[in-house]
Amino acid sequence: MDKLQIQGGVPLEGEVRISGAKNATLPILAGALLADGPVVVGNVPHLKDVTTTVELLGGMGATVTIDERMRIEVDPTTVRDYSAPYELVKTMRASILVLGPLVARYGRADVSLPGGCAIGARPVNIHVAGLQALGADITIDGGYIRARADRLRGTRLVLDTVTVTGTENLMMAAVLAEGETVIENAAREPEVVDLANFLTSMGAKIRGAGTDKIVVEGVERLSGTSYEVLPDRIESGTYLVAGAITGGHVRIKNTRPDHLDAVLVKLQEAGAKVGVGENWVEVDMRGRRPRAVDVRTAPYPAFPTDMQAQFAALNTVADGVGTIIETIFENRFMHMLEMRRLGAEIRLEGNTAIIHGVGHLKAAPVMATDLRASASLVLAGLVAEGRTEVERIYHIDRGYEAIEEKLSQLGAQIKRVPN
Ligand code: EPU
(Lines give C-alpha, C1' and ligand atoms only; values in the text may rest on other atoms or scores of the structure.)
Protein backbone atom coordinates (compact mmCIF):
# COMPACT_ATOMS: atom_id res chain seq x y z
CA MET A 1 0.00 0.00 0.00
CA ASP A 2 1.49 3.37 -1.03
CA LYS A 3 1.82 6.48 1.07
CA LEU A 4 2.48 10.10 0.23
CA GLN A 5 5.52 11.91 1.61
CA ILE A 6 5.23 15.67 1.73
CA GLN A 7 7.92 18.15 2.69
CA GLY A 8 5.94 21.16 3.83
CA GLY A 9 6.62 24.85 3.47
CA VAL A 10 6.67 25.54 -0.28
CA PRO A 11 4.23 28.21 -1.55
CA LEU A 12 2.57 26.69 -4.62
CA GLU A 13 2.89 28.54 -7.93
CA GLY A 14 1.60 27.74 -11.39
CA GLU A 15 -1.23 26.22 -13.38
CA VAL A 16 -3.02 22.92 -13.11
CA ARG A 17 -5.56 21.28 -15.40
CA ILE A 18 -8.76 20.05 -13.77
CA SER A 19 -10.02 16.56 -14.65
CA GLY A 20 -13.56 15.42 -15.41
CA ALA A 21 -15.87 15.16 -12.41
CA LYS A 22 -15.89 11.83 -10.59
CA ASN A 23 -19.41 12.33 -9.30
CA ALA A 24 -20.73 13.03 -12.80
CA THR A 25 -18.77 10.23 -14.48
CA LEU A 26 -20.13 7.51 -12.18
CA PRO A 27 -23.87 8.16 -12.81
CA ILE A 28 -23.23 8.75 -16.52
CA LEU A 29 -21.47 5.39 -16.91
CA ALA A 30 -24.35 3.72 -15.03
CA GLY A 31 -26.79 5.62 -17.26
CA ALA A 32 -25.17 4.03 -20.32
CA LEU A 33 -27.09 0.87 -19.33
CA LEU A 34 -30.27 2.63 -20.49
CA ALA A 35 -29.18 2.94 -24.13
CA ASP A 36 -30.03 0.74 -27.09
CA GLY A 37 -26.57 1.21 -28.57
CA PRO A 38 -22.98 2.15 -27.71
CA VAL A 39 -22.31 5.18 -25.53
CA VAL A 40 -18.98 7.04 -25.62
CA VAL A 41 -17.99 9.13 -22.60
CA GLY A 42 -15.09 11.59 -22.77
CA ASN A 43 -13.18 13.72 -20.23
CA VAL A 44 -13.30 10.74 -17.86
CA PRO A 45 -10.88 11.05 -14.94
CA HIS A 46 -8.39 8.25 -14.36
CA LEU A 47 -9.62 7.11 -10.94
CA LYS A 48 -10.13 3.94 -8.96
CA ASP A 49 -13.89 4.54 -8.74
CA VAL A 50 -14.07 4.71 -12.53
CA THR A 51 -12.19 1.40 -12.81
CA THR A 52 -14.61 -0.12 -10.29
CA THR A 53 -17.58 1.09 -12.34
CA VAL A 54 -16.07 -0.37 -15.51
CA GLU A 55 -15.61 -3.67 -13.66
CA LEU A 56 -19.22 -3.51 -12.50
CA LEU A 57 -20.55 -2.92 -16.04
CA GLY A 58 -18.22 -5.55 -17.47
CA GLY A 59 -19.46 -8.07 -14.91
CA MET A 60 -23.00 -7.53 -16.21
CA GLY A 61 -21.82 -8.39 -19.70
CA ALA A 62 -21.55 -4.86 -21.13
CA THR A 63 -18.76 -4.47 -23.65
CA VAL A 64 -16.49 -1.75 -22.33
CA THR A 65 -13.44 -0.33 -24.07
CA ILE A 66 -11.13 2.44 -22.86
CA ASP A 67 -8.69 4.30 -25.09
CA GLU A 68 -5.45 5.94 -24.02
CA ARG A 69 -7.19 9.32 -23.54
CA MET A 70 -9.67 7.73 -21.09
CA ARG A 71 -12.59 7.86 -23.49
CA ILE A 72 -14.80 5.01 -22.43
CA GLU A 73 -17.18 3.21 -24.76
CA VAL A 74 -19.94 1.18 -23.15
CA ASP A 75 -21.99 -1.11 -25.36
CA PRO A 76 -24.88 -2.22 -23.14
CA THR A 77 -26.52 -4.43 -25.78
CA THR A 78 -24.51 -7.41 -24.53
CA VAL A 79 -25.73 -7.11 -20.90
CA ARG A 80 -27.02 -10.47 -19.64
CA ASP A 81 -26.59 -10.23 -15.89
CA TYR A 82 -28.50 -7.65 -13.90
CA SER A 83 -26.63 -7.63 -10.64
CA ALA A 84 -24.13 -5.57 -8.66
CA PRO A 85 -22.26 -7.96 -6.34
CA TYR A 86 -21.35 -7.21 -2.73
CA GLU A 87 -17.62 -7.53 -3.58
CA LEU A 88 -17.84 -4.36 -5.70
CA VAL A 89 -20.56 -2.44 -3.86
CA LYS A 90 -18.66 -2.70 -0.58
CA THR A 91 -15.70 -0.94 -2.22
CA MET A 92 -17.82 1.75 -3.89
CA ARG A 93 -21.24 2.82 -2.65
CA ALA A 94 -21.95 4.67 -5.89
CA SER A 95 -22.53 1.20 -7.42
CA ILE A 96 -26.12 1.75 -6.23
CA LEU A 97 -26.46 3.98 -9.32
CA VAL A 98 -27.05 0.93 -11.52
CA LEU A 99 -30.28 0.13 -9.67
CA GLY A 100 -32.53 2.64 -11.44
CA PRO A 101 -31.17 2.00 -14.95
CA LEU A 102 -31.35 -1.82 -14.60
CA VAL A 103 -34.96 -1.82 -13.39
CA ALA A 104 -36.06 0.69 -16.01
CA ARG A 105 -34.33 -0.98 -18.95
CA TYR A 106 -34.36 -4.69 -18.08
CA GLY A 107 -37.13 -4.95 -15.49
CA ARG A 108 -34.87 -6.52 -12.90
CA ALA A 109 -31.92 -5.75 -10.66
CA ASP A 110 -30.12 -7.49 -7.81
CA VAL A 111 -27.94 -4.88 -6.21
CA SER A 112 -26.07 -5.44 -2.98
CA LEU A 113 -27.23 -3.12 -0.23
CA PRO A 114 -24.33 -0.82 0.63
CA GLY A 115 -23.31 -1.25 4.25
CA GLY A 116 -21.92 1.31 6.65
CA CYS A 117 -19.56 4.03 5.59
CA ALA A 118 -16.71 5.95 7.24
CA ILE A 119 -18.56 9.29 7.01
CA GLY A 120 -22.10 8.38 8.07
CA ALA A 121 -24.89 5.83 7.90
CA ARG A 122 -25.82 6.78 4.33
CA PRO A 123 -29.00 4.74 3.89
CA VAL A 124 -30.59 4.26 0.45
CA ASN A 125 -34.21 4.20 1.60
CA ILE A 126 -35.16 7.12 -0.66
CA HIS A 127 -33.83 5.33 -3.76
CA VAL A 128 -35.83 2.24 -2.84
CA ALA A 129 -39.06 4.05 -1.91
CA GLY A 130 -38.92 6.08 -5.13
CA LEU A 131 -38.54 3.00 -7.29
CA GLN A 132 -41.44 1.34 -5.46
CA ALA A 133 -43.58 4.41 -6.15
CA LEU A 134 -42.64 4.05 -9.83
CA GLY A 135 -44.07 0.53 -9.72
CA ALA A 136 -41.08 -1.70 -8.96
CA ASP A 137 -41.58 -4.65 -6.67
CA ILE A 138 -38.69 -4.63 -4.20
CA THR A 139 -37.54 -7.04 -1.53
CA ILE A 140 -34.40 -7.06 0.55
CA ASP A 141 -33.01 -10.56 0.64
CA GLY A 142 -29.57 -11.90 1.59
CA GLY A 143 -28.16 -8.38 1.76
CA TYR A 144 -29.40 -7.58 -1.74
CA ILE A 145 -32.02 -5.18 -3.05
CA ARG A 146 -34.02 -7.35 -5.45
CA ALA A 147 -36.17 -5.25 -7.76
CA ARG A 148 -38.59 -6.51 -10.39
CA ALA A 149 -40.90 -4.55 -12.68
CA ASP A 150 -42.72 -4.52 -15.96
CA ARG A 151 -42.55 -1.05 -17.47
CA LEU A 152 -42.28 1.54 -14.69
CA ARG A 153 -45.09 4.11 -14.45
CA GLY A 154 -44.47 7.83 -13.99
CA THR A 155 -45.64 9.39 -10.73
CA ARG A 156 -45.00 12.32 -8.39
CA LEU A 157 -42.09 11.72 -6.01
CA VAL A 158 -41.43 13.99 -3.04
CA LEU A 159 -37.99 13.17 -1.69
CA ASP A 160 -37.69 13.15 2.09
CA THR A 161 -34.16 14.56 2.07
CA VAL A 162 -32.15 16.15 -0.70
CA THR A 163 -30.08 13.26 -2.04
CA VAL A 164 -27.69 13.47 -4.97
CA THR A 165 -27.44 9.83 -6.05
CA GLY A 166 -31.08 9.28 -5.01
CA THR A 167 -32.20 12.01 -7.43
CA GLU A 168 -29.93 10.55 -10.11
CA ASN A 169 -31.18 6.99 -9.66
CA LEU A 170 -34.82 8.05 -9.82
CA MET A 171 -34.28 10.34 -12.80
CA MET A 172 -32.62 7.44 -14.65
CA ALA A 173 -35.51 5.15 -13.76
CA ALA A 174 -38.08 7.73 -14.90
CA VAL A 175 -36.64 8.32 -18.38
CA LEU A 176 -37.95 4.98 -19.64
CA ALA A 177 -41.14 4.94 -17.53
CA GLU A 178 -44.58 5.29 -19.03
CA GLY A 179 -45.85 8.85 -18.63
CA GLU A 180 -44.65 11.76 -16.55
CA THR A 181 -42.57 11.65 -13.36
CA VAL A 182 -42.14 14.69 -11.15
CA ILE A 183 -39.27 14.66 -8.66
CA GLU A 184 -39.84 17.26 -5.93
CA ASN A 185 -37.08 18.29 -3.50
CA ALA A 186 -34.57 17.11 -6.09
CA ALA A 187 -30.83 17.69 -5.64
CA ARG A 188 -29.59 20.67 -7.68
CA GLU A 189 -25.92 19.69 -7.91
CA PRO A 190 -24.14 20.35 -11.25
CA GLU A 191 -23.51 16.60 -11.50
CA VAL A 192 -27.29 15.99 -11.57
CA VAL A 193 -27.54 18.52 -14.40
CA ASP A 194 -24.68 16.85 -16.26
CA LEU A 195 -26.42 13.49 -16.00
CA ALA A 196 -29.67 15.08 -17.25
CA ASN A 197 -27.79 16.57 -20.23
CA PHE A 198 -26.25 13.18 -20.97
CA LEU A 199 -29.64 11.44 -20.82
CA THR A 200 -31.16 14.18 -23.00
CA SER A 201 -28.43 13.54 -25.59
CA MET A 202 -29.71 9.92 -25.71
CA GLY A 203 -33.27 11.13 -26.36
CA ALA A 204 -34.65 11.50 -22.82
CA LYS A 205 -37.14 14.26 -22.07
CA ILE A 206 -36.14 16.07 -18.88
CA ARG A 207 -37.00 19.58 -17.66
CA GLY A 208 -35.93 21.41 -14.53
CA ALA A 209 -32.59 19.71 -13.78
CA GLY A 210 -30.65 22.16 -11.60
CA THR A 211 -33.85 23.20 -9.79
CA ASP A 212 -35.60 21.35 -6.99
CA LYS A 213 -38.34 20.12 -9.33
CA ILE A 214 -37.37 17.78 -12.15
CA VAL A 215 -40.01 16.69 -14.64
CA VAL A 216 -39.35 13.63 -16.80
CA GLU A 217 -41.55 12.57 -19.71
CA GLY A 218 -40.83 8.87 -20.22
CA VAL A 219 -39.82 7.67 -23.69
CA GLU A 220 -39.92 4.17 -25.24
CA ARG A 221 -36.22 3.90 -25.94
CA LEU A 222 -32.93 5.74 -25.69
CA SER A 223 -30.18 5.68 -28.29
CA GLY A 224 -26.40 5.60 -27.93
CA THR A 225 -24.57 8.91 -27.69
CA SER A 226 -21.22 10.60 -27.25
CA TYR A 227 -20.79 12.91 -24.25
CA GLU A 228 -18.07 14.92 -22.45
CA VAL A 229 -18.16 14.97 -18.63
CA LEU A 230 -18.09 18.35 -16.87
CA PRO A 231 -15.00 19.45 -14.87
CA ASP A 232 -14.65 18.37 -11.25
CA ARG A 233 -15.66 21.23 -8.93
CA ILE A 234 -14.31 19.51 -5.82
CA GLU A 235 -10.91 18.83 -7.38
CA SER A 236 -11.00 22.49 -8.49
CA GLY A 237 -11.72 23.72 -4.99
CA THR A 238 -9.04 21.46 -3.49
CA TYR A 239 -6.26 22.97 -5.69
CA LEU A 240 -7.49 26.48 -4.94
CA VAL A 241 -7.23 25.79 -1.22
CA ALA A 242 -3.76 24.31 -1.84
CA GLY A 243 -2.76 27.67 -3.33
CA ALA A 244 -4.30 29.62 -0.46
CA ILE A 245 -3.02 27.50 2.44
CA THR A 246 0.58 27.64 1.19
CA GLY A 247 0.51 31.41 0.61
CA GLY A 248 0.89 30.73 -3.10
CA HIS A 249 -0.54 31.71 -6.47
CA VAL A 250 -2.39 28.97 -8.35
CA ARG A 251 -4.47 29.00 -11.50
CA ILE A 252 -6.78 26.10 -12.32
CA LYS A 253 -7.65 25.52 -15.97
CA ASN A 254 -10.49 23.64 -17.70
CA THR A 255 -12.87 24.28 -14.87
CA ARG A 256 -16.37 25.76 -14.41
CA PRO A 257 -16.11 28.87 -12.21
CA ASP A 258 -19.91 29.14 -11.99
CA HIS A 259 -19.97 25.85 -10.06
CA LEU A 260 -17.58 27.20 -7.43
CA ASP A 261 -19.48 30.24 -6.10
CA ALA A 262 -19.76 29.15 -2.45
CA VAL A 263 -16.10 28.06 -2.38
CA LEU A 264 -14.80 31.27 -3.99
CA VAL A 265 -16.71 33.42 -1.49
CA LYS A 266 -14.97 31.58 1.36
CA LEU A 267 -11.55 31.93 -0.27
CA GLN A 268 -12.14 35.68 -0.57
CA GLU A 269 -13.24 35.83 3.07
CA ALA A 270 -9.99 34.06 3.91
CA GLY A 271 -8.16 36.96 2.28
CA ALA A 272 -7.26 35.45 -1.08
CA LYS A 273 -7.40 37.52 -4.26
CA VAL A 274 -9.59 35.52 -6.62
CA GLY A 275 -9.58 36.00 -10.38
CA VAL A 276 -12.08 34.31 -12.68
CA GLY A 277 -12.15 33.79 -16.45
CA GLU A 278 -14.39 31.79 -18.74
CA ASN A 279 -12.90 28.41 -17.82
CA TRP A 280 -10.24 29.26 -15.23
CA VAL A 281 -9.91 30.53 -11.69
CA GLU A 282 -6.87 31.81 -9.88
CA VAL A 283 -6.16 32.38 -6.26
CA ASP A 284 -3.38 34.62 -4.96
CA MET A 285 -2.41 34.53 -1.28
CA ARG A 286 1.24 35.54 -1.65
CA GLY A 287 2.75 37.23 1.38
CA ARG A 288 -0.35 36.79 3.51
CA ARG A 289 -1.63 34.46 6.20
CA PRO A 290 -5.17 33.19 5.60
CA ARG A 291 -7.94 34.49 7.89
CA ALA A 292 -10.13 31.89 9.59
CA VAL A 293 -13.54 31.34 7.95
CA ASP A 294 -16.83 29.88 9.12
CA VAL A 295 -18.33 27.17 6.95
CA ARG A 296 -21.69 25.43 7.07
CA THR A 297 -22.25 22.57 4.62
CA ALA A 298 -25.57 22.15 2.82
CA PRO A 299 -26.84 20.91 -0.55
CA TYR A 300 -25.84 22.85 -3.69
CA PRO A 301 -25.65 25.79 -4.30
CA ALA A 302 -24.58 26.15 -0.64
CA PHE A 303 -21.14 25.15 0.59
CA PRO A 304 -20.36 21.50 -0.36
CA THR A 305 -19.69 18.85 2.28
CA ASP A 306 -16.97 17.55 -0.06
CA MET A 307 -14.98 20.79 0.54
CA GLN A 308 -15.41 20.94 4.31
CA ALA A 309 -12.25 19.04 5.22
CA GLN A 310 -10.08 21.19 2.94
CA PHE A 311 -11.32 24.40 4.59
CA ALA A 312 -10.75 22.81 7.99
CA ALA A 313 -7.10 22.39 6.94
CA LEU A 314 -6.99 26.06 5.90
CA ASN A 315 -8.40 27.12 9.28
CA THR A 316 -5.78 25.16 11.21
CA VAL A 317 -3.09 27.66 10.14
CA ALA A 318 -5.31 30.73 9.71
CA ASP A 319 -5.43 33.88 11.79
CA GLY A 320 -8.38 33.62 14.20
CA VAL A 321 -11.03 31.05 15.02
CA GLY A 322 -13.08 29.31 12.33
CA THR A 323 -16.13 27.13 12.82
CA ILE A 324 -17.07 24.25 10.55
CA ILE A 325 -20.62 22.92 10.77
CA GLU A 326 -21.31 19.66 8.91
CA THR A 327 -25.02 19.17 8.22
CA ILE A 328 -24.99 16.39 5.58
CA PHE A 329 -23.05 13.50 7.10
CA GLU A 330 -22.99 12.69 10.81
CA ASN A 331 -19.44 11.37 11.05
CA ARG A 332 -17.36 13.44 8.68
CA PHE A 333 -14.77 14.80 11.12
CA MET A 334 -12.19 11.99 11.23
CA HIS A 335 -9.62 14.27 9.55
CA MET A 336 -9.92 16.69 12.49
CA LEU A 337 -8.44 14.07 14.81
CA GLU A 338 -5.58 13.40 12.41
CA MET A 339 -4.90 17.13 12.03
CA ARG A 340 -4.58 17.38 15.80
CA ARG A 341 -1.60 15.04 15.43
CA LEU A 342 0.00 17.76 13.32
CA GLY A 343 -0.53 20.25 16.14
CA ALA A 344 -3.87 21.72 15.04
CA GLU A 345 -6.09 23.10 17.80
CA ILE A 346 -9.55 21.74 17.15
CA ARG A 347 -12.49 21.30 19.51
CA LEU A 348 -15.37 19.08 18.42
CA GLU A 349 -18.92 19.60 19.64
CA GLY A 350 -21.36 17.33 17.84
CA ASN A 351 -21.47 18.40 14.21
CA THR A 352 -19.38 21.52 14.88
CA ALA A 353 -15.61 21.86 14.80
CA ILE A 354 -14.08 24.95 16.34
CA ILE A 355 -10.61 25.52 14.97
CA HIS A 356 -8.11 27.96 16.53
CA GLY A 357 -5.51 28.77 13.93
CA VAL A 358 -1.95 28.08 15.04
CA GLY A 359 1.24 29.66 13.72
CA HIS A 360 2.68 26.37 12.49
CA LEU A 361 1.75 22.72 12.02
CA LYS A 362 4.44 20.11 12.62
CA ALA A 363 4.88 17.06 10.41
CA ALA A 364 3.75 13.65 11.65
CA PRO A 365 2.50 10.41 10.13
CA VAL A 366 -1.27 10.64 9.53
CA MET A 367 -3.85 8.26 8.17
CA ALA A 368 -6.48 8.91 5.53
CA THR A 369 -9.96 7.70 6.46
CA ASP A 370 -11.99 8.76 3.43
CA LEU A 371 -11.50 10.56 0.17
CA ARG A 372 -11.89 14.21 1.15
CA ALA A 373 -10.29 13.62 4.56
CA SER A 374 -7.18 12.40 2.77
CA ALA A 375 -7.12 15.49 0.56
CA SER A 376 -7.27 17.70 3.65
CA LEU A 377 -4.34 15.84 5.22
CA VAL A 378 -2.28 16.39 2.08
CA LEU A 379 -3.13 20.11 2.28
CA ALA A 380 -2.10 20.22 5.92
CA GLY A 381 1.11 18.37 5.01
CA LEU A 382 1.91 21.09 2.44
CA VAL A 383 2.29 23.63 5.26
CA ALA A 384 3.52 21.46 8.14
CA GLU A 385 7.16 21.89 9.13
CA GLY A 386 9.09 18.75 8.21
CA ARG A 387 8.04 15.61 6.35
CA THR A 388 4.44 14.48 6.70
CA GLU A 389 3.50 10.98 5.63
CA VAL A 390 -0.11 10.32 4.63
CA GLU A 391 -0.98 6.63 4.82
CA ARG A 392 -3.89 4.67 3.30
CA ILE A 393 -3.93 6.86 0.23
CA TYR A 394 -6.02 4.38 -1.72
CA HIS A 395 -8.82 6.69 -0.59
CA ILE A 396 -7.26 9.59 -2.48
CA ASP A 397 -6.84 7.52 -5.64
CA ARG A 398 -10.60 7.01 -5.70
CA GLY A 399 -11.21 10.67 -6.41
CA TYR A 400 -8.07 12.66 -7.30
CA GLU A 401 -6.36 11.97 -10.59
CA ALA A 402 -2.55 11.93 -10.23
CA ILE A 403 -2.61 14.24 -7.20
CA GLU A 404 1.13 14.01 -6.54
CA GLU A 405 1.92 14.86 -10.18
CA LYS A 406 -0.42 17.83 -10.23
CA LEU A 407 0.89 19.17 -6.92
CA SER A 408 4.51 18.62 -8.04
CA GLN A 409 3.73 20.66 -11.13
CA LEU A 410 2.85 23.52 -8.75
CA GLY A 411 6.18 23.13 -6.96
CA ALA A 412 5.11 20.96 -4.03
CA GLN A 413 7.67 18.54 -2.60
CA ILE A 414 5.54 15.42 -2.68
CA LYS A 415 6.16 11.85 -3.68
CA ARG A 416 4.41 8.51 -3.60
CA VAL A 417 6.38 5.76 -1.93
CA PRO A 418 5.56 2.15 -1.10
CA ASN A 419 4.71 1.62 2.56
N1 EPU B 1 -29.90 9.98 2.65
C2 EPU B 1 -30.92 9.29 3.24
N3 EPU B 1 -31.58 8.34 2.51
C4 EPU B 1 -31.26 8.07 1.21
C5 EPU B 1 -30.23 8.79 0.60
C6 EPU B 1 -29.57 9.75 1.35
O7 EPU B 1 -31.22 9.50 4.41
O8 EPU B 1 -31.91 7.20 0.62
C9 EPU B 1 -29.17 11.00 3.42
C10 EPU B 1 -27.69 10.67 3.62
O11 EPU B 1 -27.48 9.79 4.68
C12 EPU B 1 -27.09 12.04 3.84
C13 EPU B 1 -27.96 12.94 2.95
O14 EPU B 1 -29.14 12.20 2.67
O15 EPU B 1 -27.24 12.42 5.16
C16 EPU B 1 -27.35 13.36 1.64
O17 EPU B 1 -26.67 12.28 1.02
P18 EPU B 1 -26.67 12.05 -0.53
O19 EPU B 1 -27.59 10.94 -0.86
O20 EPU B 1 -26.86 13.34 -1.25
O21 EPU B 1 -25.18 11.53 -0.78
P22 EPU B 1 -24.75 10.53 -1.91
O23 EPU B 1 -25.62 10.70 -3.09
O24 EPU B 1 -24.58 9.18 -1.33
C25 EPU B 1 -23.11 12.15 -3.16
C26 EPU B 1 -21.67 12.15 -3.52
C27 EPU B 1 -20.84 12.37 -2.26
C28 EPU B 1 -21.25 13.70 -1.65
C29 EPU B 1 -22.76 13.71 -1.37
C30 EPU B 1 -23.28 15.03 -0.85
C31 EPU B 1 -21.60 10.72 -5.47
C32 EPU B 1 -21.18 9.43 -6.08
N33 EPU B 1 -21.33 10.89 -4.18
O34 EPU B 1 -23.29 11.07 -2.25
O35 EPU B 1 -19.49 12.42 -2.66
O36 EPU B 1 -20.56 13.91 -0.45
O37 EPU B 1 -23.47 13.40 -2.58
O38 EPU B 1 -23.02 16.05 -1.74
O39 EPU B 1 -22.15 11.58 -6.15
C40 EPU B 1 -17.17 12.20 -2.40
O41 EPU B 1 -17.05 12.43 -3.62
O42 EPU B 1 -16.17 12.19 -1.61
C43 EPU B 1 -18.49 11.95 -1.84
C44 EPU B 1 -18.67 11.36 -0.67
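The values are calculated or read from the model by the stated rules, or taken from the named source; none is laboratory data. Since the model is a prediction, treat every value here as computed from it, not as a measurement. A quick note on method: Cβ atoms are made from the backbone with ideal geometry, for glycine too, and the neighbour counts reach across all protein chains shown. Ligands, DNA and RNA are stripped out before the accessible areas are found, and what is left, the full protein with its side chains, is counted by its heavy atoms. Shrake-Rupley method; radii C 1.70, N 1.55, O 1.52, S 1.80 Å.
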Report summary line: 1/(1 + (r/R0)^6) with r = Cβ-Cβ of residue 261 and residue 63, R0 = 51 Å, i.e. FRET efficiency to nearest 0.05, evaluates to 0.80
Query raised in the report: Based on the Cβ-Cβ distance of residue 362 and residue 141, what FRET efficiency does E = 1/(1 + (r/R0)^6) give at R0 = 56 Å, to the nearest 0.05?
Result: 0.60
Query raised in the report: So which lysines pass the test for residue 213, namely a Cα distance under 16 Å, with those fewer than 8 places away in the same chain ruled out?
Result: 205
Query raised in the report: Which Rg and Dmax, in Å, describe the Cα atoms of the range 278-419?
Result: 14.7, 42
Report summary line: Full extension between residue 108 and residue 87 adds, at 0.36 nm per residue less the Cα distance, a length in nm of 5.6 nm
Requested in this report: Would you please put 59-69, 98-108, 300-310 in order of how densely packed they are, using the mean number of other Cβ atoms within 10 angstrom per residue and starting with the highest?
Outcome: 98-108, 300-310, 59-69
Report task. Could you grab the relative contact order for the range 67-201? Cα pairs under 8 Å, six or more apart, rounded to a whole percent. Result -> 22 percent
Requested in this report: Compare 153, 93 by solvent-accessible area with a 1.4 Å probe and give them largest first, with all protein chains kept in place.
Outcome: 153, 93
Query - Relative contact order (percent, whole number), the range 302-419, Cα cutoff 8 Å, 6+ residue spacing - result: 24 percent
Report summary line: DSSP beta bridges in the chain: the antiparallel percent, rounded to 5, is 70 percent
Query - Normalised convex hull volume, the range 222-335, alpha-carbon set, Å³ per residue - result: 120 Å³
Report summary line: Using alpha carbon centers only, the range 9-40 is separated from the range 341-419 by a whole-angstrom value of 23 Å
Report task. Would you work out the charge dipole size for the chain about its Cα centre, treating the Cβ of every Lys and Arg as +1 and the Cβ of every Asp and Glu as -1, and quote it to the nearest 20 debye? Result -> 600 debye
Query - All-pairs alpha carbon distance profile, the chain, 20 Å steps from 0, percent - result: 28, 55, 17, 0
Query raised in the report: So what is log10(I(q)/I(0)) for the range 212-283 at q = 0.20 1/Å, when the Debye sum runs over its Cα atoms only?
Result: -0.79
**Report entry** Inter-site label distance for residue 254 and residue 156 at 7 Å from Cα along Cβ, in nm
**Finding:** 4.4 nm
Report task. Give the residue from 226, 360, 192 lying farthest towards the positive end of the charge dipole for the chain; charges sit on Cβ (+1 for Lys and Arg, -1 for Asp and Glu) and the dipole is referred to the Cα centre. Result -> 360
**Report entry** Heavy-atom accessible area order for 376, 223, largest first, 1.4 Å probe
**Finding:** 223, 376
Report task. Keeping all protein chains in position, work out how much accessible area residue 3 exposes to a 1.4 Å probe, and write it in Å² to the nearest 10. Result -> 30 Å²
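If Rh is defined by the Kirkwood formula over all Cα pairs and Rg also comes from Cα, what ratio Rg/Rh do you get for the range 254-310?
Using only Cα positions, Rg/Rh for the range 254-310 is 0.96.
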Report task. Give the angle, between 0 and 90 degrees and rounded to the nearest 10, that separates the Cα long axis of helix 164-174 from the longest principal axis of the Cα atoms of the chain. Result -> 20 degrees
Requested in this report: Show me 190-197, 131-138, 14-21, 85-92 ranked by packing, highest mean number of other Cβ atoms within 10 Å first.
Outcome: 190-197, 14-21, 131-138, 85-92
Query raised in the report: To the nearest 10 square angstrom, how much accessible area does residue 157 have with a 1.4 angstrom probe?
Result: 10 Å²
Report summary line: residue 134 neighbourhood, Cβ < 15 Å, K/R = +1, D/E = -1, net charge -1
Report task. Give me D for the range 26-184 in µm² s⁻¹, whole number, from Stokes-Einstein with Rh from the Kirkwood sum over alpha-carbon pairs, 37 °C and 0.692 mPa s. Result -> 209 µm²/s
Query raised in the report: Can you tell me the accessible area per residue over the chain, all protein chains present, probe 1.4 angstrom, in square angstrom?
Result: 38 Å²
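Which whole-number percent is the relative contact order of the chain (Cα, under 8 Å, 6+ apart)? Mind showing how you got there, number by number?
Values: 1062 pairs, mean separation 89.1, N = 419.
Reported relative contact order: 21 percent.
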Requested in this report: Compute the length gained on full extension between residue 211 and residue 325: take 0.36 nm times their separation in residues and subtract their Cα-Cα distance, giving the result in nm to one decimal.
Outcome: 38.6 nm
**Report entry** For the range 104-241, Kirkwood radius (reciprocal of mean inverse C-alpha pair distance, Å)
**Finding:** 15.8 Å
Query raised in the report: residue 2 accessible area, nearest 10 Å², 1.4 Å probe?
Result: 60 Å²
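Please state the charge dipole magnitude for the range 249-332, taken about the Cα centre, from unit charges on C-beta atoms (+1 on K and R, -1 on D and E), reported in debye and rounded to the nearest 20.
On the way: 11 positive and 11 negative charges, 68 e Å.
In debye, rounded to 20, the range 249-332 gives about 320.
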Report task. Just report the Cα centroid separation between the range 101-158 and the range 231-297, whole Å. Result -> 38 Å
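When only the heavy atoms of the protein chains count and the probe is 1.4 Å, how do 71, 392, 341 rank by accessible area, highest first?
Sorted by accessible area, descending: 341, 392, 71.
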Query - the chain - percent of accessible surface contributed by carbon and sulfur, probe 1.4 Å - result: 47 percent
Report summary line: Taking the dipole of the chain about the Cα centre (Lys, Arg +1; Asp, Glu -1; charges at Cβ), the one of 125, 255, 393 that reaches farthest to the positive side is 393
